[in-house]
């Protein structure tokens, strides 16, 4: 099985790639017909607690991050942008930065 963990040194375009991947995951998983704004609230997209766990699993598998247990509740994130920011912080935390999604 291939190691999906993030490299210690992230490429410069990693942040944009993560952003695009997460937006794509939301669009595909929620079967949305058009592009979504990252400012859209999760509840407006119809995200449920179970649906959020499914999204997290897809994000973890595709991007190679692992959400902290306390952030497996979709109520911790208000918008798609909060999820994107949290994932970017997870990568940063791997190198010593904060992980709070609302920073």
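Please treat every number below as a calculation from the coordinates, not as lab data. Treat the numbers as computed from the prediction; the structure is a model and nothing was measured. Cβ: placed from backbone, ideal geometry, glycine included. Neighbour counts: every protein chain shown.
When ranked by the protection proxy of mean other Cβ atoms within 10 Å per residue, highest first, what sequence do the peptides 26-37, 62-73 form?
Result, highest mean first: 62-73, 26-37.
Using a Förster radius of 25 Å, what is the FRET efficiency between residue 15 and residue 48 based on their Cβ-Cβ separation? Nearest 0.05, please.
According to the calculation, E is roughly 0.35.
Per the Cauchy relation, a quarter of the hull surface: what is the mean projected area of the convex hull of the alpha carbons in the stretch 14-93, in nm²?
Average of the hull's projected areas for the stretch 14-93 equals 4.7 nm².
Within 10 Å of each residue's Cβ, count the other Cβ atoms and sort 18, 38 from fewest upward.
By the 10 Å Cβ count, ascending, the order reads 38, 18.
If each residue's Cβ is checked for other Cβ atoms within 10 Å, how do 25, 53 rank with the fewest at the top?
The most exposed by this proxy come first: 53, 25.
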